[in-house]
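Presented below is the structure to which this report refers.
The values are calculated or read from the model by the stated rules, or taken from the named source; none is laboratory data. Not measured: the values here are computed from a predicted model. Virtual Cβ from ideal backbone geometry, glycine too; neighbours counted across all protein chains shown. For accessibility, only protein heavy atoms count, side chains too; no ligands or nucleic acids. Shrake-Rupley method; radii C 1.70, N 1.55, O 1.52, S 1.80 Å.
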Amino acid sequence: RSDTSGIRGTKDFTSPEELYDELKKEIKKYHPSDDTSLVDKAYRVAYDAHKGQARKSGEPYIIHPLCVAIILAELELDKETIAAGLLHDVLEDTSVTPEELEQTFGGRILSLVQEESEDKERTWRERKASTIEHLKQASREVKLLTLGDKLSNMRSTARDYMVIGDEIWQRFNEKNRESHRWYLAGILDGLQDLRDLAAFQELERLYQLVYETR
(Lines give C-alpha, C1' and ligand atoms only; values in the text may rest on other atoms or scores of the structure.)
Protein backbone atom coordinates (compact mmCIF):
# COMPACT_ATOMS: atom_id res chain seq x y z
CA ARG A 1 0.00 0.00 0.00
CA SER A 2 3.02 2.27 0.30
CA ASP A 3 3.49 3.24 -3.39
CA THR A 4 2.46 6.89 -3.57
CA SER A 5 4.45 7.66 -6.73
CA GLY A 6 1.32 8.17 -8.83
CA ILE A 7 -0.18 10.77 -6.47
CA ARG A 8 0.61 14.40 -7.09
CA GLY A 9 0.88 16.69 -4.13
CA THR A 10 3.29 18.31 -1.75
CA LYS A 11 6.30 16.30 -0.72
CA ASP A 12 7.12 16.15 2.97
CA PHE A 13 8.38 19.50 4.24
CA THR A 14 7.66 21.52 1.10
CA SER A 15 7.80 25.04 2.46
CA PRO A 16 5.08 27.65 1.83
CA GLU A 17 7.75 29.86 0.25
CA GLU A 18 8.61 27.17 -2.31
CA LEU A 19 4.94 26.64 -3.12
CA TYR A 20 4.35 30.38 -3.47
CA ASP A 21 7.26 30.65 -5.92
CA GLU A 22 5.73 27.76 -7.87
CA LEU A 23 2.37 29.56 -7.92
CA LYS A 24 3.88 32.77 -9.31
CA LYS A 25 5.79 30.85 -11.99
CA GLU A 26 2.57 29.08 -12.99
CA ILE A 27 0.68 32.39 -13.31
CA LYS A 28 3.44 33.94 -15.41
CA LYS A 29 3.24 31.07 -17.91
CA TYR A 30 -0.10 32.32 -19.24
CA HIS A 31 -0.94 35.70 -17.76
CA PRO A 32 -0.02 38.72 -19.92
CA SER A 33 0.72 40.92 -16.89
CA ASP A 34 3.60 40.37 -14.47
CA ASP A 35 1.66 42.25 -11.78
CA THR A 36 0.97 39.73 -9.04
CA SER A 37 0.17 42.33 -6.35
CA LEU A 38 -3.40 41.05 -5.82
CA VAL A 39 -2.20 37.46 -5.39
CA ASP A 40 0.66 38.65 -3.15
CA LYS A 41 -1.82 40.49 -0.91
CA ALA A 42 -4.17 37.48 -0.77
CA TYR A 43 -1.27 35.22 0.20
CA ARG A 44 -0.17 37.58 2.99
CA VAL A 45 -3.70 37.82 4.40
CA ALA A 46 -4.23 34.04 4.21
CA TYR A 47 -0.79 33.31 5.68
CA ASP A 48 -1.41 35.61 8.66
CA ALA A 49 -5.00 34.41 9.16
CA HIS A 50 -4.04 30.71 9.20
CA LYS A 51 -0.87 31.19 11.27
CA GLY A 52 -0.60 28.49 13.92
CA GLN A 53 -3.20 26.26 12.25
CA ALA A 54 -2.33 22.78 11.01
CA ARG A 55 -3.93 20.35 8.59
CA LYS A 56 -5.17 16.91 9.69
CA SER A 57 -1.92 15.57 8.19
CA GLY A 58 0.14 17.85 10.44
CA GLU A 59 1.28 20.25 7.69
CA PRO A 60 0.96 24.02 8.24
CA TYR A 61 -2.56 24.94 7.11
CA ILE A 62 -1.38 27.52 4.54
CA ILE A 63 -0.03 24.61 2.43
CA HIS A 64 -3.61 23.73 1.41
CA PRO A 65 -4.71 27.17 0.10
CA LEU A 66 -1.41 27.40 -1.77
CA CYS A 67 -2.00 24.02 -3.42
CA VAL A 68 -5.54 25.08 -4.35
CA ALA A 69 -4.20 28.29 -5.91
CA ILE A 70 -1.58 26.35 -7.92
CA ILE A 71 -4.30 24.05 -9.31
CA LEU A 72 -6.35 27.13 -10.31
CA ALA A 73 -3.29 28.66 -11.98
CA GLU A 74 -2.70 25.39 -13.87
CA LEU A 75 -6.29 25.83 -15.12
CA GLU A 76 -5.22 29.34 -16.28
CA LEU A 77 -7.83 31.18 -14.23
CA ASP A 78 -7.76 34.93 -13.58
CA LYS A 79 -5.96 36.46 -10.64
CA GLU A 80 -9.13 37.23 -8.66
CA THR A 81 -10.16 33.55 -8.72
CA ILE A 82 -6.62 32.52 -7.71
CA ALA A 83 -6.75 35.06 -4.86
CA ALA A 84 -10.10 33.55 -3.82
CA GLY A 85 -8.41 30.14 -3.81
CA LEU A 86 -5.79 31.43 -1.38
CA LEU A 87 -8.51 32.96 0.81
CA HIS A 88 -11.20 30.28 0.47
CA ASP A 89 -11.04 29.11 4.10
CA VAL A 90 -10.48 32.41 5.93
CA LEU A 91 -14.17 33.13 6.62
CA GLU A 92 -14.84 29.56 7.73
CA ASP A 93 -11.74 28.92 9.83
CA THR A 94 -10.24 32.25 10.95
CA SER A 95 -11.27 35.56 12.52
CA VAL A 96 -11.35 37.40 9.15
CA THR A 97 -14.81 38.91 8.60
CA PRO A 98 -16.79 39.36 5.35
CA GLU A 99 -16.53 43.13 5.81
CA GLU A 100 -12.73 42.99 6.05
CA LEU A 101 -12.51 40.72 3.03
CA GLU A 102 -14.72 42.98 0.90
CA GLN A 103 -12.88 46.11 1.99
CA THR A 104 -9.50 44.60 1.10
CA PHE A 105 -10.36 42.58 -2.01
CA GLY A 106 -13.74 43.71 -3.33
CA GLY A 107 -17.12 42.10 -3.87
CA ARG A 108 -16.23 39.43 -6.42
CA ILE A 109 -13.55 37.78 -4.27
CA LEU A 110 -15.81 38.03 -1.21
CA SER A 111 -18.62 36.33 -3.14
CA LEU A 112 -16.36 33.51 -4.33
CA VAL A 113 -15.04 32.88 -0.82
CA GLN A 114 -18.55 32.96 0.65
CA GLU A 115 -19.76 30.42 -1.91
CA GLU A 116 -16.91 28.11 -0.91
CA SER A 117 -17.55 28.50 2.85
CA GLU A 118 -19.61 26.22 5.07
CA ASP A 119 -21.72 27.09 8.08
CA LYS A 120 -19.83 25.46 10.96
CA GLU A 121 -22.89 25.69 13.23
CA ARG A 122 -24.58 22.92 11.22
CA THR A 123 -23.76 19.21 11.51
CA TRP A 124 -21.16 17.65 9.21
CA ARG A 125 -23.85 15.87 7.17
CA GLU A 126 -25.98 19.03 6.85
CA ARG A 127 -22.98 21.08 5.71
CA LYS A 128 -21.89 18.55 3.12
CA ALA A 129 -25.43 18.00 1.79
CA SER A 130 -25.77 21.78 1.41
CA THR A 131 -22.47 21.97 -0.51
CA ILE A 132 -23.57 19.18 -2.88
CA GLU A 133 -26.93 20.89 -3.45
CA HIS A 134 -25.29 24.29 -3.99
CA LEU A 135 -22.95 22.88 -6.67
CA LYS A 136 -25.91 21.91 -8.85
CA GLN A 137 -26.65 25.54 -9.67
CA ALA A 138 -23.23 27.13 -8.96
CA SER A 139 -21.41 29.17 -11.61
CA ARG A 140 -18.53 27.64 -13.55
CA GLU A 141 -15.96 29.70 -11.64
CA VAL A 142 -17.35 28.49 -8.30
CA LYS A 143 -17.20 24.91 -9.59
CA LEU A 144 -13.59 25.43 -10.65
CA LEU A 145 -12.75 26.79 -7.19
CA THR A 146 -14.46 23.77 -5.63
CA LEU A 147 -12.54 21.45 -7.95
CA GLY A 148 -9.24 23.02 -6.85
CA ASP A 149 -10.20 22.70 -3.18
CA LYS A 150 -11.37 19.08 -3.36
CA LEU A 151 -8.46 17.95 -5.56
CA SER A 152 -5.96 19.41 -3.09
CA ASN A 153 -7.75 17.64 -0.23
CA MET A 154 -7.92 14.32 -2.07
CA ARG A 155 -4.24 14.41 -3.01
CA SER A 156 -3.41 14.65 0.69
CA THR A 157 -5.96 12.01 1.67
CA ALA A 158 -4.86 9.58 -1.05
CA ARG A 159 -1.16 10.08 -0.29
CA ASP A 160 -1.67 9.28 3.40
CA TYR A 161 -4.28 6.55 2.77
CA MET A 162 -1.70 4.63 0.75
CA VAL A 163 0.56 4.66 3.81
CA ILE A 164 -1.77 4.22 6.80
CA GLY A 165 -4.95 2.83 5.22
CA ASP A 166 -8.27 3.13 7.02
CA GLU A 167 -6.60 4.63 10.09
CA ILE A 168 -6.85 7.90 8.18
CA TRP A 169 -10.55 8.32 8.99
CA GLN A 170 -9.71 8.67 12.67
CA ARG A 171 -8.19 12.06 11.87
CA PHE A 172 -11.52 13.56 10.91
CA ASN A 173 -14.45 14.77 12.97
CA GLU A 174 -16.56 12.48 10.74
CA LYS A 175 -14.87 9.08 11.14
CA ASN A 176 -17.16 7.02 8.88
CA ARG A 177 -15.42 6.16 5.62
CA GLU A 178 -18.75 5.72 3.81
CA SER A 179 -19.80 9.24 4.76
CA HIS A 180 -16.67 10.64 3.08
CA ARG A 181 -17.31 8.41 0.06
CA TRP A 182 -20.91 9.73 -0.19
CA TYR A 183 -19.70 13.33 0.00
CA LEU A 184 -17.04 13.05 -2.68
CA ALA A 185 -19.38 11.10 -4.97
CA GLY A 186 -21.83 14.02 -4.62
CA ILE A 187 -19.06 16.52 -5.41
CA LEU A 188 -18.03 14.59 -8.52
CA ASP A 189 -21.65 14.51 -9.64
CA GLY A 190 -21.97 18.27 -9.14
CA LEU A 191 -18.79 18.92 -11.13
CA GLN A 192 -19.75 16.77 -14.14
CA ASP A 193 -19.61 19.70 -16.57
CA LEU A 194 -15.86 19.95 -15.78
CA ARG A 195 -15.24 16.29 -16.63
CA ASP A 196 -13.12 17.15 -19.69
CA LEU A 197 -10.51 18.80 -17.47
CA ALA A 198 -7.46 16.82 -16.39
CA ALA A 199 -7.97 18.08 -12.81
CA PHE A 200 -11.47 16.56 -12.67
CA GLN A 201 -10.18 13.28 -14.10
CA GLU A 202 -7.44 13.21 -11.45
CA LEU A 203 -10.02 13.80 -8.70
CA GLU A 204 -12.10 10.92 -10.08
CA ARG A 205 -9.05 8.61 -10.15
CA LEU A 206 -8.20 9.47 -6.55
CA TYR A 207 -11.81 8.80 -5.53
CA GLN A 208 -11.55 5.35 -7.11
CA LEU A 209 -8.16 4.72 -5.50
CA VAL A 210 -9.32 5.58 -1.97
CA TYR A 211 -12.95 4.43 -2.03
CA GLU A 212 -13.15 1.63 -4.58
CA THR A 213 -10.03 -0.40 -3.80
CA ARG A 214 -9.33 -2.52 -0.76
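Here are the numbers for the structure shown:
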item	result
Residues within the range 181-214 that are outside any helix (DSSP H, G or I), at pLDDT 95 or above and loosely packed, with under 12 Cβ neighbours inside 10 Å, tallied	2
Residues of the range 1-42 that turn out to be aromatic (Phe, Trp, Tyr) and at pLDDT 80 or above, as a count	2
Flag if GLU126 is open to solvent by 50 Å² or more (accessible area, probe 1.4 Å), free of Cβ contacts under 8 Å to residues at least 40 places away in the same chain and either farther than 22 Å from LEU188 by Cβ or not in a helix (DSSP H, G or I) (or both)	no
Lone qualifier among PRO65, PRO16, PRO32, PRO98 - being in contact with a Leu (Cβ under 7 Å, 6 or more places away or on another chain) and over 25 Å from ASP160 (Cβ atoms)	PRO98
Filter pass, LEU135 being among the aliphatic types (A, V, I, L, M), outside any loop (DSSP other than H, G, I, E, B), within 15 Å of ALA46 (Cα to Cα) and open to solvent by less than 20 Å² (accessible area, probe 1.4 Å)	no
Residue in the range 162-180 that is modelled with the lowest pLDDT, counting only those that are of a type in the set (Lys, Arg) and open to solvent by 60 Å² or more (accessible area, probe 1.4 Å)	ARG171
Number of the condition not met by SER117 [criteria: (1) open to solvent by less than 50 Å² (accessible area, probe 1.4 Å); (2) at pLDDT 95 or above; (3) among the hydroxyl-bearing types (Ser, Thr, Tyr)]	(2)
Only listed residue being within 17 Å of the chain's Cα centre (by Cα) and either open to solvent by 30 Å² or more (accessible area, probe 1.4 Å) or not hydroxyl-bearing (Ser, Thr, Tyr) (or both), chosen from TYR30, TYR47	TYR47
Answer from LEU77, LEU66 - the residue that is modelled with pLDDT of 95 or more, open to solvent by 10 Å² or more (accessible area, probe 1.4 Å) and either within 18 Å of LEU23 (Cα to Cα) or touching a Lys or Arg at 6+ places or on another chain (Cβ under 9 Å) (or both)	LEU77
Matching residues, the range 105-132, being farther than 28 Å from ARG44 by Cβ and either acidic (Asp, Glu) or touching a Gly at 6+ places or on another chain (Cβ under 6 Å) (or both)	GLU121, GLU126, ILE132
